[in-house]
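Input: a single structure, listed below in structure tokens.
Derivation of every value follows stated rules applied to the coordinates shown; laboratory data play no part. Quick caveat, the model's predicted, so the values are computed rather than measured. Using ideal geometry, Cβ is built from the backbone for each residue, glycine included, and neighbour counts are taken over all protein chains shown.
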Amino acid sequence: MQSHLYDRVLVLDCMNVLMGTTSVRGVFVSIFRDEMDVLEYRHGVYVRSSHRLHRVPEVVRWREPVRFIMYRSLGPTRRNILLRDENICAYCGGYGHTRDHILPKSRGGIRSWENLVTACEECNMKKGSRTPEEAGMPLIYAPRKPNTITMIIKRPEKAPIPKSWKRYLEPVELLIA
Ligand SMILES: [Zn+2]
């Protein structure tokens, strides 16, 4: 049996607001503890635990308000920063595949969506541990925390986005109706 433990699951908070995606494995414990409701299951797909088969969730919702959960897929990882910036170097506009701290780590710069940008190797080297002002390298765009839906859609999954996710990726007004 093919393992579906690492398939992606769409996670909503108790107000139906999208929080991100995580793995089937990552939500099983919360489902068993009755902390999450499963809104959609994958049709005809199961995973095996020690003594039984479990249906595979595709969309889950927390029952109570939850805070401070950063789903890994939506954190400012190198991969997500490059996706958000579409590989455009924030300093020269060329193709970039490295991640630069605008305020350098050595100067107290943090790992946040607002302090990280895509840079080409050349600009990254040239800037070094200076601020953009000190380096005379102004940013050509302002980095922001991306919208959750944008990141889920942009994320190049090995598997296509499940059909059951579609209505949850539409605007919130449609979700409530
Ligand atoms: Zn560059």
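What base-10 log of the normalised intensity I(q)/I(0) is obtained for region 86-135 from the Debye formula, alpha carbons as equal point scatterers, at q = 0.20, 0.26, 0.28, 0.30 Å⁻¹?
After summing over all Cα pairs, the log10 values are -0.58, -0.96, -1.09, -1.20.
With just the Cα atoms defining each centre, how far is region 1-65 from region 89-119? Give it in Å.
If you average the Cα positions of each part, the centres end up 34 Å apart.
So how far apart, in nm, are the two label points at Ala142 and Arg130 if each is 7 Å from Cα heading toward Cβ?
2.4 nm
So how far apart, in nm, are the two label points at Arg33 and Arg167 if each is 7 Å from Cα heading toward Cβ?
2.9 nm
Taking Cα pairs under 8 Å and at least six residues apart, what relative contact order does region 21-137 come out at, in percent?
Details: 160 pairs, mean separation 21.4, N = 117.
Contact order relative to length: 18 percent.
Where Lys and Arg each count +1 and Asp and Glu each count -1, what net charge lies around Arg130 among other residues with Cβ under 13 Å from its Cβ?
Result for the local shell: +1.
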